[in-house]
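Student: This is the structure, below, for whatever I ask next.
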Amino acid sequence: MKIKPLSNRIVAEQLKAPEKTASGIFIPPSSQQEPVVAKVIAVGPEVKNVKVDDSIIYDDHHSSSKRSVNFDESELILLKEEDVLAIVAN
């Protein structure tokens, strides 16, 4: 089954945040307030700067339009293109 977002929406899969620092200190999920990296699964027809398979950075705590959805046994996020802070160069 495919998912096709409408308008300027992006469907992405959030990549797992590190659970501990380089020195071995464990980071509880509630204290991770840095921007989040996700892999783009699908884009709506009005999205201009992001494409499928891009890795994007978005601010999880300040995104008013972000929604989490369960789809085909995966937890995906829906957000607007303007909520994307950057595209990670490969």
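The values are calculated or read from the model by the stated rules, or taken from the named source; none is laboratory data. Because the structure is predicted, anything quoted here is derived from the model rather than measured. Using ideal geometry, Cβ is built from the backbone for each residue, glycine included, and neighbour counts are taken over all protein chains shown. Areas reflect the complete protein model, heavy atoms only, side chains present, ligands, DNA and RNA absent. Shrake-Rupley method; radii C 1.70, N 1.55, O 1.52, S 1.80 Å.
Student: Would you pick out the residues in the stretch 50-73 that are surrounded by 11 or more Cβ atoms within 10 Å (Cβ to Cβ) and among the polar types (S, T, N, Q)?
Tutor: Passing the criteria: Ser55, Ser63, Ser65.
Student: Go through (1) among the basic types (Lys, Arg); (2) modelled with pLDDT under 80; (3) open to solvent by 50 Å² or more (accessible area, probe 1.4 Å) and name the single condition Arg9 misses.
Tutor: Arg9 satisfies all of (1) among the basic types (Lys, Arg); (2) modelled with pLDDT under 80; (3) open to solvent by 50 Å² or more (accessible area, probe 1.4 Å) except (2).
Student: Answer yes or no as to whether Ala22 is surrounded by fewer than 11 Cβ atoms within 10 Å (Cβ to Cβ), modelled with pLDDT under 90 and assigned to a loop (DSSP other than H, G, I, E, B). Please lay out each step first, then the result.
Tutor: Values: surrounded by fewer than 11 Cβ atoms within 10 Å (Cβ to Cβ): yes; modelled with pLDDT under 90: yes; assigned to a loop (DSSP other than H, G, I, E, B): yes.
When the stated conditions are applied, Ala22 passes them.
Student: Could you tell me which residue of the stretch 37-50 is modelled with the lowest pLDDT, considering only residues that are under 16 Å from Glu82 (Cβ atoms) and in contact with a strand residue (DSSP E or B) (Cβ under 9 Å, 6 or more places away or on another chain)?
Tutor: That would be Ala38.
Student: Considering only the stretch 44-82, state which residues are of a type outside the set (Asp, Glu) and more than 15 Å from Gln14 (Cα to Cα). Give the derivation first.
Tutor: Looking only at the stretch 44-82, we keep the residues that are of a type outside the set (Asp, Glu), and these are 44-45, 47-52, 55-58, 61-71, 74, 76-80.
Once the filter is applied, which keeps residues that are of a type outside the set (Asp, Glu) and more than 15 Å from Gln14 (Cα to Cα), the stretch 44-82 yields Gly44, Pro45, Val47, Lys48, Asn49, Val50, Lys51, His62, Ser64, Ser65.
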